[in-house]
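To keep things clear, I will list the structure first and then write my remarks on it.
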Amino acid sequence: MNVKTFGKCTRHRFVTYAMAVIVMVLMLSPILTMAQDPTGAATGVMKDIGLDTLAATKDTALNKIIATVNTIGNADGHNKIASNIMWTLIAGFLVMFMQAGFALVETGFTQKKNVAHTMGMNFMVYAVGMIGFWICGFAFMFGGALGVGALGGAPGVVSHEVTVHLFGHDFGIIGSAAYFLNSKVYDVGVFTLFLFQMVFMDTTATIPTGSMAERWSFKSFLFYGFFISMIVYPIFGNWVWGGGWLATLGTNFGLGHGHVDFAGSSVVHMVGGVAALAGAMCIGPRIGKYGKDGTVNTIPGHNIPMAILGTFILAFGWFGFNPGSTLAGTDYRIAVVAVNTMLASAAGALAAMFYMYAQGKKPDPGMLANGLLAGLVAITAPCAFVTSLSAVIIGAIAGILVIIVYNFVDSKLKIDDPVGAFAVHGANGAWGVISLGLFADGSYGDGWNGVAGGVKGLFYGDGKQLVAQLIGTATCAIFVFIIMYAFFKLSNKIVPLRVKEADEIAGLDIPEMGVHGYVD
């Protein structure tokens, strides 16, 4: 078969596959099912402000008063849920803007000849990840926990979690409702949750585009985008946020409140960071990164101002990431979460700078940026549960840890990670959830994962919470690394993981994207 004929066959197969997907969507979406609450008219009632609807009596005059009270109470409940939905959506919009920050950071830290390619991956991961999450990722992650009280409880929506029964307990494994956001879940609360959680997923998905930058085949990247958004991220997310088995370690085994992760140090950042490590190991280092004699050669980024601007955008978006995870504009703890987030980021940047000075080095702006990001990643899990002093300590440790881990991975393990994705997100994602098990002070989290009382760490009298955090951290590292390493190895046999050597040397903009990032 000649090349021209092969190209036609490939296009025909693509069209056939696309038509098959469309037909499958139409078949699986229960169009004739009665919609739930797509307008929000039935979302937010009197019970959402802690009151039961008053029953009518035989007294006509009293009934008028009761009707008035019920009307006012229902209006108050509706307004409360409306405030929560508005806050959650705005926070989701902020998190979506973080994609711009990631694109600028990763592109600034890589070479000029690969600008269009790096930007292209950061752009398309948004579209690919969103569709993958819509198809089944959201269903796998939250299909068993669709009725979030702060968002109105999704009246009429039925959740379903696949569980296994072991040792006398039920262990949630994966959700199985809300595929394609079908009409059974056509509800304002569910759609709000989808948007907020989708942009979280996209943060995870974009992290490996930094560790595998400058040599990753764009077609292989597209396969990866669907896989992580549809399978890996949702499954681990279900275990922690969807009512799965890690969340029930407290109710089942008395381990504190189960694995607690307020805004995603493990669910979002560690999953992305571990996937980034597996990908960097499978794809191998960039040409010229390591000499035959074992020397480590620095391949400098082409635009530090771009990377610093991206860092500030990410820090700004984090105010949607962390405070938004209350899912409630009526939760006053937002103020504590926001301040802790700020303080940890500043502590991370300062600690990184002082550490470099202590090592006799200059304050590299790239490392300062990673120090700030490391502080943000680490505080993401404990931000709602710790004091401001603890937030500073957690951020400062993260700022030092990111440099130590980056140097170890780069120089000792000889794993090429151009932007330090594993050091920032993987190592400090782990530190973040562990730090919660140490510093949580018990002032917040009553009822979290069905356990009474605030969340307390080891330093405040609950060592069992630390055990739950360690179990969750180990589970994330083992599960994600094995699955992603196997995926990259297998997908490489279908679509080459790495570009051709000549293309890598010349630059990927024209061979992979067809355009130059910079015309000059």
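Which entries in Lys289/Lys412; Lys47/Lys184; Lys113/Lys414; Lys412/Lys489; Lys113/Lys500 show an alpha-carbon gap greater than 20 Å? Show your work: numbers first, answer last.
On the way: Lys289/Lys412 13 Å; Lys47/Lys184 24 Å; Lys113/Lys414 23 Å; Lys412/Lys489 23 Å; Lys113/Lys500 15 Å.
Listed pairs above 20 Å: Lys47/Lys184; Lys113/Lys414; Lys412/Lys489.
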Burial ordering of Cys282, Cys476, fewest other beta-carbon atoms within 10 Å first: Cys282, Cys476
Gyration tensor (alpha-carbon) shape descriptor, the stretch 60-103, a/c threshold 1.5: prolate
Gained length - Ala335 relative to His516, 0.36 nm times residue gap less alpha-carbon distance: 60.7 nm
Compactness of the stretch 296-344 - radius of gyration and Dmax, Cα, Å: 15.8, 52
Per-bin percent of Cα-Cα distances, the stretch 91-248 [5 Å]: 2, 10, 18, 18, 17, 13, 10, 7, 4, 2, 0, 0
Furthest towards positive pole of dipole, Asn407, Ala440, Val424, structure part the stretch 387-456, Cβ charges: Asn407
Viscosity 1.002 mPa s, temperature 20 °C, Stokes-Einstein D of the stretch 28-175 from Kirkwood C-alpha radius, µm²/s: 108
Point-to-point label distance, Phe479-Ser176, nm (Cα→Cβ direction, 7 Å offset): 1.7
Shape call, the stretch 270-367: gyration tensor on alpha carbons, a/c limit 1.5: prolate
Rh (Kirkwood; distinct C-alpha pairs) - the stretch 259-299, Å: 12.5
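What number results when the radius of gyration of the chain, computed over Cα atoms, is divided by 2.2 N^0.38 Å?
Dividing the Cα Rg of the chain by 2.2 N^0.38 Å gives 1.02.
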Dmax and Rg, reported as Rg then Dmax, of the stretch 462-514 (C-alpha, Å): 19.2, 57
222 nm mean residue ellipticity, helices alone, for the chain (DSSP H n ≥ 4; -39,500 (n - 2.57); rounded to 500): -18500 deg cm²/dmol
Ratio Rg/Rh [Cα only; Rh per Kirkwood] for the stretch 345-480: 1.03
Packing rank of 324-331, 410-417, 377-384, where each peptide gets the mean count of other beta carbons within 10 Å, highest leading: 377-384, 324-331, 410-417
Farthest toward positive dipole pole in the chain [+1 Lys/Arg, -1 Asp/Glu at C-beta], among Tyr186, Thr326, Met513: Met513
Size of electric dipole in the chain: Cβ of Lys, Arg +1 and of Asp, Glu -1, about Cα centre, debye, nearest 20: 1140
Longest segment of the chain lacking chymotrypsin sites (Phe, Trp or Tyr not before Pro) that sit in a DSSP loop with at most 16 other Cβ atoms within 10 Å: 333-517
Set of lysines near Lys493 by C-alpha distance (under 16 Å), chain-local residues within fewer than 8 positions excluded: Lys219
Furthest towards positive pole of dipole, Thr43, Ile379, Ala127, structure part the chain, Cβ charges: Ala127
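Every read-out reported here was derived from the displayed coordinates using simple, explicitly stated rules and does not represent laboratory data. Just so we're clear, the structure is a prediction, and the values are computed from it rather than from any experiment. Every residue, glycine as well, gets a Cβ built from its backbone with ideal geometry; the counts of neighbours run over all protein chains shown.
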